[in-house]
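*Asks:* Here it is: the structure, laid out below.
The values are calculated or read from the model by the stated rules, or taken from the named source; none is laboratory data. A quick note: this is a predicted structure, and the numbers were derived from the prediction, not measured. Cβ: placed from backbone, ideal geometry, glycine included. Neighbour counts: every protein chain shown. Side chains included, ligands, DNA and RNA excluded: accessible areas come from the protein's heavy atoms. Shrake-Rupley method; radii C 1.70, N 1.55, O 1.52, S 1.80 Å.
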Amino acid sequence: NRRVNCLNDKVPESFSGMSADLLIRWVRADAEGTIGSDGQKLAQLIDVAAQRALQPEIDSVSRATFREAALEAIGIARTRGALPKYYCDRRELRIRTSFMQREDWGDEWLRAEGEMVFQVFLDAMPIDIDFIETHSPDWSEVDPEMKMDLRLVKHLFKYLEIAQPFLGNGSREVADRWVAQAQYLP
């Protein structure tokens, strides 16, 4: 087993040299306690794990493990408030949808993953669909800060579009409504 050089006794100098198994074990056992509130280090961990998860030359089991490490690191960042909510939402949606597009993981997995993407998308929205439908003809009455929030999350609609075909009927109907309203955001 390879020794990993560490800073501060427990934080690896570089996450990129770690195998998938070593990284997921480290994330589960040590990440929250050693870097839980260090947004810069968490962002580095998320980026490395996500990049490795999408490398085609790595075997699919290791890619799936790197993906889990990235998602768990995002969970730590959310819990600790170490990174902005939008950053975590965008990263999670990107990792999940990129992974969905890379390989055929089976219909059941794709449906479950699509539902997760949809849930993360809904949680990321600062408003509900009725708000958009009500205000889309005229955004002038809406608080400027809310309009800024909506401009920021507008980019998340592309991830919902990727997941749409995999959603169950009920979710797909709601997702269709959201996607149809995206063009009306400020």
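*Asks:* How big is D, in µm² s⁻¹, for segment 111-154 by Stokes-Einstein at 25 °C and 0.890 mPa s if Rh is the Kirkwood radius over C-alpha pairs?
*Replies:* Approximately 211 µm²/s, per Stokes-Einstein.
*Asks:* In addition: Students often forget the sequence filter, so: which aspartates and glutamates lie under 17 Å Cα-Cα from LYS158 once same-chain residues fewer than 8 apart are removed?
*Replies:* Partners found: ASP89, GLU92, GLU113, GLU115, ASP123, ASP149, GLU173, ASP176.
*Asks:* LEU122 to SER14: FRET efficiency via 1/(1 + (r/R0)^6), r the Cβ-Cβ distance, R0 45 Å, to the nearest 0.05?
*Replies:* According to the calculation, E is roughly 0.80.
*Asks:* A further question follows. At R0 = 30 Å, how high is the FRET efficiency between GLN51 and LYS85 if r is their beta carbon distance? Nearest 0.05 is fine.
*Replies:* 0.85
*Asks:* Work out how much length MET146 to LEU185 would gain on full extension: take 0.36 nm times their residue separation and subtract the Cα-Cα distance, in nm to one decimal.
*Replies:* Fully extending the segment from MET146 to LEU185 adds 12.9 nm.
*Asks:* Let me ask something additional. Where only protein heavy atoms count, and the probe is 1.4 Å, what is the accessible area per residue for the chain in Å²?
*Replies:* Ligands and nucleic acids excluded, the result is 53 Å² per residue.
*Asks:* What's the longest piece of the chain with no exposed trypsin sites (Lys or Arg not before Pro), counting a site as exposed if DSSP puts it in a loop and it has at most 14 other beta carbons within 10 Å?
*Replies:* 11-186
*Asks:* Tell me the carbon and sulfur percent of the accessible area for the chain, rounded to whole percent, probe radius 1.4 Å.
*Replies:* 47
*Asks:* Please compare each pair in LYS41/LYS147; LYS41/LYS154; LYS85/LYS154 to a cut-off of 20 Å on the Cα-Cα distance and tell me which ones are over it.
*Replies:* From the list (LYS41/LYS147; LYS41/LYS154; LYS85/LYS154), the Cα-Cα distance tops 20 Å for LYS41/LYS147; LYS41/LYS154.
*Asks:* Given q = 0.13, 0.19, 0.20 Å⁻¹, what are the Debye log10 I(q)/I(0) values for segment 83-186, with equal point scatterers placed on the Cα positions and solvent ignored?
*Replies:* Debye output, listed in q order: -0.47, -0.92, -0.99.
*Asks:* Moving to a separate point now. Once the convex hull of the alpha carbons of the chain is built, what does its volume come to per residue, in cubic angstrom?
*Replies:* 117
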